[in-house]
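Peer 1: Structure provided below as structure tokens; questions to follow.
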Amino acid sequence: MRDSEFVQDATYADHFGAYKSILNRVLDHDPAMFELPVGIRIVDIGCGYGDLLKLLRSRGHTNLMGVEPDLTCLEGARKEGFEVREGTLTATGLPDACTDAVIVSMVFHHVDDYDAAIREVARVLKPGGLLCVMEPAPTVLRTLMDFLTFKTPLPRISKSVGQRYAVMKLEIETGLYPKFLAEQKSFHAILQGRFEKVWLRRAWFFQFGKYRLRSPV
Ligand SMILES: C[S@@+](CC[C@H](N)C(=O)[O-])C[C@H]1O[C@@H](n2cnc3c(N)ncnc32)[C@H](O)[C@@H]1O
């Protein structure tokens, strides 16, 4: 499945693969925070190498599926034993109302059209279904980290900052990461047009949100 919303560089998966262990270790990306009941159907869109699916499985969740457009990541997640469909956040290829919950972790900032992405998530969720979101937040610390990563020699001195540089450089080149940070107001307005906020937490570098699909009016 290819759609115009997938604009990723061919080397992104390798750089992300090298960087993700730092991301997972240093930052709190644990989907347990969403308190999803065991047994419900959960689709992780843009699942990468399946790290969040693995965390969910380790906590007893069995009804899991991934969607991922990058074939390197997709194969990685399949090797972990997950069912993974090739697709994007704007074109998952999934049937209508097929899942109880959707996780979108670090993927909204890879798409240009938030409305199309949120429409697609709403389409695949069952009535009252849950959307769990993890994304970068435009915090002072993130601005500082981006400054250190891109405007100083630190990436040449620190291996982990060097790995962040390699990943974030590609995200900046597409224009989508800076766009996401700049368009927070409109992103959240679009999101809350279709979803009711259960909670939204902003941390030092990231934001985490749990949303429930609104009933059609
Ligand atoms: C920063 S990684 C996050 C991976 C995983 N969700 C996690 O939190 O570990 C971004 C992921 O989104 C995928 N991706 C990029 N563009 C996408 C799109 N338009 N639709 C769905 N996934 C996309 C990438 O291939 C990559 O796996």
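Peer 1: For labels at R119 and E35 in the simple 7 Å Cα→Cβ model, what's the distance in nm?
Peer 2: Going by the 7 Å Cα→Cβ label model, 3.4 nm.
Peer 1: According to the square roots a ≥ b ≥ c of the eigenvalues of the Cα gyration tensor, what is the shape class of segment 22-82, taking rounded for a/c under 1.5, prolate for a/b larger than b/c otherwise, and oblate for the remainder? Provide the component values of the computation, followed by the final result.
Peer 2: Details: a/c = 1.93, a/b = 1.18, b/c = 1.64.
Note, shape of segment 22-82 comes out oblate.
Peer 1: Rank F208, T88, L125 by how far each Cα sits towards the positive end of the charge dipole of the chain (+1 on Lys, Arg Cβ; -1 on Asp, Glu Cβ) and give me just the farthest.
Peer 2: Projecting each Cα onto the dipole axis, the largest value belongs to F208.
Peer 1: Among the listed pairs K20/K151; K20/K197; K159/K179, give every one whose C-alpha distance is greater than 25 Å.
Peer 2: Values: K20/K151 22 Å; K20/K197 28 Å; K159/K179 27 Å.
The pairs that break the limit, which is 25 Å between Cα atoms, are K20/K197; K159/K179.
Peer 1: Quick one: if the Förster radius is 41 Å, what FRET efficiency do D28 and D96 give, using the C-beta to C-beta distance and rounding to 0.05?
Peer 2: Taking R0 as 41 Å, the efficiency between D28 and D96 is 0.80.
Peer 1: Something else: If I model a spin label as a point 7 Å beyond the Cα along the Cα-Cβ vector, how far apart are those points for S21 and E75 in nm?
Peer 2: 2.0
Peer 1: So, one more: Mind listing the phi-derived Karplus ³J(HN,Hα) values for segment 140-153, rounded to whole Hz, using 6.51, -1.76 and 1.60 with θ = phi - 60°, and x for any glycine or proline?
Peer 2: Computed from phi, the couplings for segment 140-153 are 4, 5, 5, 4, 5, 5, 5, 4, 4, 6, 10, 10, 9, x Hz.
Peer 1: Now, a different point. How much of the DSSP beta bridge set in segment 12-213 is antiparallel, as a percent to the nearest 5? Walk me through the numbers on the way to the answer.
Peer 2: Details: 14 of 30 bridges.
Of the beta bridges lying entirely in segment 12-213, close to 45 percent run antiparallel.
Peer 1: Under unit Cβ charges (Lys, Arg +1; Asp, Glu -1), what dipole magnitude, rounded to 20 debye, does segment 12-213 have relative to its Cα centre?
Peer 2: Values: 26 positive and 24 negative charges, 122 e Å.
Computed about the Cα centre, the dipole is about 580 debye.
Peer 1: Using only the Cα atoms of segment 1-103, build the gyration tensor, take square roots of its eigenvalues as a ≥ b ≥ c, and label the shape rounded, prolate or oblate: rounded if a/c is under 1.5, else prolate if a/b is larger than b/c, else oblate. Walk me through the numbers before you get to the answer.
Peer 2: Details: a/c = 1.86, a/b = 1.12, b/c = 1.66.
Oblate, because a/c is 1.5 or more while a/b does not exceed b/c.
Peer 1: Right, something else. Quick check: pseudo-label points 7 Å beyond the Cα along Cα→Cβ at L144 and E196, how many nm apart are they?
Peer 2: Once both label points are built, they end up 3.9 nm from each other.
Peer 1: Something else now. What's the FRET efficiency of S215 with K179 using the Cβ-Cβ distance as r and R₀ = 35 Å, to the nearest 0.05?
Peer 2: Details: r = 31 Å, r/R0 = 0.88.
Given R0 = 35 Å and the Cβ-Cβ separation, E is 0.70.
Peer 1: Same structure, new question: Once the Cα atoms of helix 184-194 and of the chain are each reduced to a long axis, what angle between those two axes, in degrees from 0 to 90 to the nearest 10, is obtained?
Peer 2: Roughly 10 degrees between the two axes.
Peer 1: Can I ask one more? Compute the Kirkwood hydrodynamic radius of the chain, taking the inverse of the mean of 1/r over all pairs of distinct Cα atoms, and give it in Å to one decimal. It would help to have the intermediate numbers written out before the result.
Peer 2: On the way: mean 1/r = 0.0569 Å⁻¹.
Hydrodynamic radius (Kirkwood, Cα only) of the chain equals 17.6 Å.
Readers should treat all values here as calculations from the given coordinates under stated rules, not as data from a laboratory. Please read all numbers here as calculations on a predicted model, not as lab measurements. When we count neighbours, we look across all protein chains shown, and the Cβ atoms used for this are built from the backbone with ideal geometry, even at glycine.
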